[in-house]
Structure formats: C-alpha cells, structure tokens
Amino acid sequence: MRRSLTLTIGIALTAAACGGGVEGGVAADVWVRAVCTTLTDWNGELQSRTGDLQTEIQGLPQGDFEGLQVVMLGYVDGVIEDTEGAVSSLEEAGVPDVEDGEEAAELMVSGIREARSIFVDAREDIEELDPDRPRQFGTALQEIGAQVQDGGERVQAAFEAADERGVGGEELDEAFTEEPACSALAA
C-alpha cells in the first residue's frame with residue numbers, strides 16, 4: 001500500500017489498514033463499497049470542477065482580477081459543497097463490523113472534514129483578496145493554492161501515519177483489494 005498517492009487515494013488506502021469490531025456494524029465489504037464509491041464520486045466531482053475552472057479562467061479577459069475572484073469563489077464553494085456531500089455519505093456508510101471499525105470510520109470522516117476545512121479557509125482568503133491590486137492578488141492566490149496543497153498533504157500524511165501504526169485488521173484490507181469500486185482510486 002506504500003505508493004505516492006493523491007489525497008483521495010491516500011485516504012482510501014489508509015482506511016484499508018484500519019478496522020473496528022462493532023456489534024451491529026456494517027459488513028466490511030458493504031462499508032468498503034460505500035467508502036470507495038463516495039471517494040471515487042468525490043474525486044470525479046473535484047476533477048470536473050477543476051476542468052470547468054480552467055475553462056472559465058481562460059474565458060476571462062486579460063487582467064480581470066475581479067472576475068477571477070468571482071470564478072475562484074464559485075469553484076471553492078462548489079468544492080466545499082461536494083466535500084460536505086462526501087462527509088454525509090461517509091457518515092451514512094456507518095461503521096464496519098471489524099476490529100477497530102469505529103476508528104476506521106472516524107478516520108475516513110475526519111479526514112474529509114479536514115479537507116473541507118482547508119477549502120473553507122481558502123475561500124475566506126480568496127474573499128479577502130483585493131482585485132484592484134493585481135500583483136498582490138496574483139501572489140496571494142498562488143500562496144492560497146500552496147496552502148491548499150500543503151493542507152492536503154497533511155491530511156494524507158495523517159492517513160499514512162495511521163496505516164504505519166498498523167491499526168486494524170486484514171478484513172478491511174482484503175475488502176478494499178477485492179472491491180471493484182476501489183480500483184478507480186488506485187489508478
């Protein structure tokens with residue numbers, strides 16, 4: 001499971017190493033299918049939004065920093081909405097009935113919540129930019145992008161640390177390996 005991965009892939013693969021023994025929990029394969037479907041859908045939404053963002057930016061007149069700010073805010077608002085949907089879906093997935101299942105479920109939900117928090121912070125920063133100061137605007141926008149990337153790497157590192165701790169059991173690991181919905185995350 002040690003690969004250089006995107007945030008989404010890191011989240012999914014780390015959860016594979018986590019488990020939980022919860023009476024009345026969800027079967028491991030059912031939970032894994034829900035998690036991988038949620039993360040695959042979320043990743044697809046983010047990629048689609050990013051493509052749309054690039055198209056919108058290319059359509060802006062040169063030097064339209066106010067328009068750029070509006071486009072960026074719309075993008076981040078959409079990403080926050082998509083991320084909130086992913087959190088809800090992960091919560092609805094329940095807790096897998098395996099060793100450390102509660103920890104695995106909480107790890108998934110808290111990781112995506114942290115990603116949402118990163119985007120909320122970015123939105124606040126973008127909103128505070130002054131489009132009448134183009135040089136500072138551009139520099140600040142690059143810094144915000146770097147902060148989002150850094151935040152994503154911190155979330156991924158937290159998942160990888162949980163994986164390295166060896167939390168959980170083989171039942172979830174096997175379910176992640178065998179679940180077709182997870183194959184898109186490993187691509």
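The values are calculated or read from the model by the stated rules, or taken from the named source; none is laboratory data. For clarity, every value in this text was computed on a predicted model and none was experimentally measured. Because the Cβ atoms are built from the backbone with ideal geometry, glycine has one as well, and the counts that use them run over all protein chains shown.
Whether any residue in region 142-150 is at pLDDT 90 or above, charged (D, E, K, R) and either closer than 20 Å to D64 by Cα or crowded, with 17+ Cβ neighbours inside 10 Å (or both) is what I want to check. Yes, that holds for at least one residue.
Among the residues of region 32-52, is any closer than 30 Å to E174 by Cβ, in contact with a Pro (Cβ under 8 Å, 6 or more places away or on another chain) and in contact (Cβ under 8 Å) with a residue 40 or more places away in the chain?
yes
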